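Worksheet: the structure to be examined is printed underneath.
Nothing in this text is a laboratory measurement; each read-out follows from the coordinates by a stated rule. Everything numeric here is computed off the predicted structure, so don't read it as measured data. Neighbour counts are summed over all protein chains in view; Cβ atoms, including those assigned to glycine, are modelled from backbone coordinates with ideal geometry.
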Amino acid sequence: MLGMISALSFTAATFFLRFWRDTRDFFFLPFAVFFTVEGVNRIVLMFSAHPNEGSPWIYILRLFALLLILWGILYKNYGSRA
C-alpha cells in the first residue's frame, strides 16, 4: 500500500510540475514539492526496519510540506502582482 501511495504522490507531483511548466504560475510549485516530499516520505517508511507512522520526524516533514503549500497560497493571494 505504501508503494502505491508513493507512486501516486510522484504522479501528482509530475502533473503539478507540468502545470507549472505550462503556465509559469508559482502556485503549482509548492504542490509539486509537497507531493514529492510525501512520496519520498512513504518510500523511506516502506524501507525502514521498524516502520512507525507515529514518529515525530514524519510529522515534521509533513508539517514542512504543508506550510510550504500555505506559503504558496498566501503568496498567490497577497504576494507580488508581477
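Worth a mention:
- Assigned charges on the beta-carbon of Lys, Arg, Asp, Glu; region 2-78 dipole about Cα centre (debye): 160 debye
- Each of 15, 36, 52 was scored by the projection of its Cα onto the charge dipole of the chain, and the greatest displacement toward the positive side belongs to 15; charges sit on the C-beta of Lys, Arg, Asp and Glu.
- If you model region 2-78 as an ellipsoid using its alpha carbon gyration tensor, with each semi-axis the square root of five times an eigenvalue, the axes come out at 26, 16, 6 Å, biggest first.
- Helix-only mean residue ellipticity at 222 nm for the chain, each DSSP H run of n ≥ 4 adding -39500 (n - 2.57), per residue, nearest 500: -27500 deg cm²/dmol
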